[in-house]
1. Looking only at residues that are among the polar types (S, T, N, Q) and farther than 14 Å from Lys107 by Cα in the stretch 143-155, which one is surrounded by the fewest Cβ atoms within 10 Å (Cβ to Cβ)?
2. Kindly indicate the residue of the stretch 69-92 that is open to solvent by less than 80 Å² (accessible area, probe 1.4 Å) and not in a helix (DSSP H, G or I) and also modelled with the lowest pLDDT among those meeting that condition.
3. Of all residues being among the polar types (S, T, N, Q) and assigned to a helix (DSSP H, G or I) in the stretch 93-120, which is surrounded by the most Cβ atoms within 10 Å (Cβ to Cβ)? Just the residue, please.
4. Does Lys206 satisfy being of a type in the set (Lys, Arg), open to solvent by 60 Å² or more (accessible area, probe 1.4 Å) and outside any helix (DSSP H, G or I)?
5. Identify the residue in the stretch 166-175 that is touching a residue at least 40 places away in the same chain (Cβ under 8 Å) and of a type outside the set (S, T, N, Q) and, among all such residues, is most open to solvent (accessible area, probe 1.4 Å).
6. Evaluate the following for Phe140: is it closer than 20 Å to Cys71 by Cα, open to solvent by 60 Å² or more (accessible area, probe 1.4 Å) and either hydroxyl-bearing (Ser, Thr, Tyr) or part of a loop (DSSP other than H, G, I, E, B) (or both)?
7. Check Val178 against each of (1) closer than 29 Å to Gly124 by Cα; (2) buried (at least 16 other Cβ atoms within 10 Å of the Cβ) and name the one condition it does not meet.
8. State which residue is most open to solvent (accessible area, probe 1.4 Å) when the search covers only the stretch 56-68 and only residues that are in a helix (DSSP H, G or I) and in contact (Cβ under 8 Å) with a residue 60 or more places away in the chain.
Amino acid sequence: MGQRKLGKRIQDKLLNNLTNIAGGKVNNLKHYVLYTITALLWAFIILFVVFSEPAFGYANNKEFIESVNKCADYLEKNIKKEDRIPRKLLLAQAALESNYGRSRYAKEGNNLMGIYQFKNLHTGMAPRDNPNASFRVAKFKSKCHSISYYMNLLNTKDSYVSFRNERLLQSKLRVNDVNRYFHLLYNYSTNPEYPQLLIRTYKEIKDLGF
C-alpha cells in the first residue's frame, strides 16, 4: 500500500515537472515570437525613415531651398557621383522655374522644374494664357519626384550633351564654376534671357546663405 502511494506521488511529481517544462517552452516560444515581431517592426520603421522620401514643406524662400537640398541629398544616394547635378545649378533652376515653390504648377502639379510633356496631354496642366498649347506642364506624384525627373533629363537628353561635357571637364580639373553651367542651359527654356535669369536667381540664393 505504501509503495503504491509512493509510486503515485512520484508519478504526480513527474507529471507536474513535465507540465512545467511544457509550459515554460510555450512561454519561451511566446516571448520569442513577440521579440521577433518587435524587432521586425523596428527594422521596418528604421528602413522607412532612412529610405523614404523627405517631407517637402516650406513657408518662405529659405525653407524652400532647404527642402530642395534635402530632396537632392535623398536622391543622390542612388546616383553615381559623376552623374549628380551640380547643387548650385539645381537650386537656381528649382527656385526660378517654380518661383520658390509658389507657382501654380508647383502647387497643383508638384512640378518644380518647369517640365513640359508633349504626349498624353490629358494628364498635364494647360497654361492659363494658352489653353490650346501643343504641350502640357507635367504633373508629378511629389515635388521630389519632379527633381528626380529633371536629374534624369539632364543626364540623358541629347540637348544637354554640352552640359554633361562641361561637368566632366570641371570634375577632371576639380573646379566648380556654376556660371558656365548657366550659359550652357540656354535651350532649357524658350526665353533667350534664361541664363541671365539663372544668374540673378543664384545671387538671390547666395543672399539667403546658401
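The values are calculated or read from the model by the stated rules, or taken from the named source; none is laboratory data. Note that the structure is predicted; figures quoted are calculated from it, not measured. Cβ atoms come from the backbone with ideal geometry, glycine included; neighbour counts cover every protein chain shown. For accessibility, only protein heavy atoms count, side chains too; no ligands or nucleic acids. Shrake-Rupley method; radii C 1.70, N 1.55, O 1.52, S 1.80 Å.
1. Asn152
2. Ile79
3. Gln93
4. So Lys206 does not fit the description; no.
5. So the residue we want is Leu168.
6. So Phe140 fails the test.
7. Here Val178 meets the rest and fails (1).
8. Lys62
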